[in-house]
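Below: the structure, in structure tokens.
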Amino acid sequence: MQKFSIYGPFKVPTKKKQIKGGKSFAKELDLDGIWERPEYSDFANQKGCYVFINAVSKGAKPIYAGKTTKTFKQECFALQKKTLLNDFLIKKEKTGLQIIFVAMEGHAKNCSEAIDSCETFLIQKSLKANKDLLNVQKCNKSYVINGLDEGKGNSKSVKFFKKCLKLKK
């Protein structure tokens, strides 16, 4: 069984950007030298999953969950993710962009299945916390389990099963 450890949250640096033709400003990513920063450098060459979070005064919500097949440095801020995150920053008034690394322990060679399963789990949990998750893959769940996914589920069967699975009542 592959193990993962959670690190963060770490602030994702942003800067103000003037919006074309106006006096208003928005935020955009400021990633120059990010992997040389002490809080990021330990993860540059690791694999695993990551979750971008918007942490503002009302709390924190996941906005995107992803995985690496290579390294965090090669994939976390790839062009597609940078575009997605910059669009998010432009559209939201209040932002406090952060990242959590769910790094794989050790250097297993055949770890793609474990990383993919971890990503699926993180997307499903993130979607439950934020229905407006930016992910487009793995968000469509084709089933619902009454009492576990929705509804109170007060039957003896549901209560017993929740207890077996160590889920909150």
Give the residues of the stretch 36-45 that are exposed (fewer than 15 other Cβ atoms within 10 Å of the Cβ) and either assigned to a helix (DSSP H, G or I) or at positive phi (or both), sorted by residue number. GLU36, PRO38, GLU39, SER41
Please tell me if LYS131 is modelled with pLDDT under 95, open to solvent by 60 Å² or more (accessible area, probe 1.4 Å), over 23 Å from SER5 (Cα atoms) and not in a helix (DSSP H, G or I). yes
Can you spot a residue in the stretch 46-60 that is outside any loop (DSSP other than H, G, I, E, B), touching a Cys at 6+ places or on another chain (Cβ under 8 Å), open to solvent by 50 Å² or more (accessible area, probe 1.4 Å) and of a type in the set (Lys, Arg)? no
Of the residues that make up the stretch 74-83, is at least one open to solvent by 40 Å² or more (accessible area, probe 1.4 Å), touching a strand residue (DSSP E or B) at 6+ places or on another chain (Cβ under 8 Å) and free of Cβ contacts under 8 Å to residues at least 60 places away in the same chain? yes
Hey, LYS94 of a type outside the set (A, V, I, L, M, F, W, C) and not in a strand (DSSP E or B) or not: yes
Suppose we keep only residues that are in a helix (DSSP H, G or I) and more than 15 Å from SER5 (Cα to Cα) within the stretch 102-115. Which one would you say is least open to solvent (accessible area, probe 1.4 Å)? SER112
Anything in the stretch 61-73 that is in a loop (DSSP other than H, G, I, E, B), within 16 Å of TRP35 (Cβ to Cβ) and either open to solvent by 60 Å² or more (accessible area, probe 1.4 Å) or not β-branched (Val, Ile, Thr) (or both)? List them, or say none. LYS70
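Mind telling me which of the residues ILE99, ILE123 ends up being at pLDDT 85 or above and part of a strand (DSSP E or B)?
So the residue among ILE99, ILE123 that is at pLDDT 85 or above and part of a strand (DSSP E or B) is ILE99.
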Subset of the stretch 84-101 that is β-branched (Val, Ile, Thr) and in contact with a Gly (Cβ under 9 Å, 6 or more places away or on another chain) - its residue that is nearest to MET1 (Cα to Cα): ILE100
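The values are calculated or read from the model by the stated rules, or taken from the named source; none is laboratory data. Being a predicted model, the structure only gives us computed values, none of them experimental. Neighbour counts run over all protein chains shown; Cβ positions are idealised from the backbone, glycine included. Areas reflect the complete protein model, heavy atoms only, side chains present, ligands, DNA and RNA absent. Shrake-Rupley method; radii C 1.70, N 1.55, O 1.52, S 1.80 Å.
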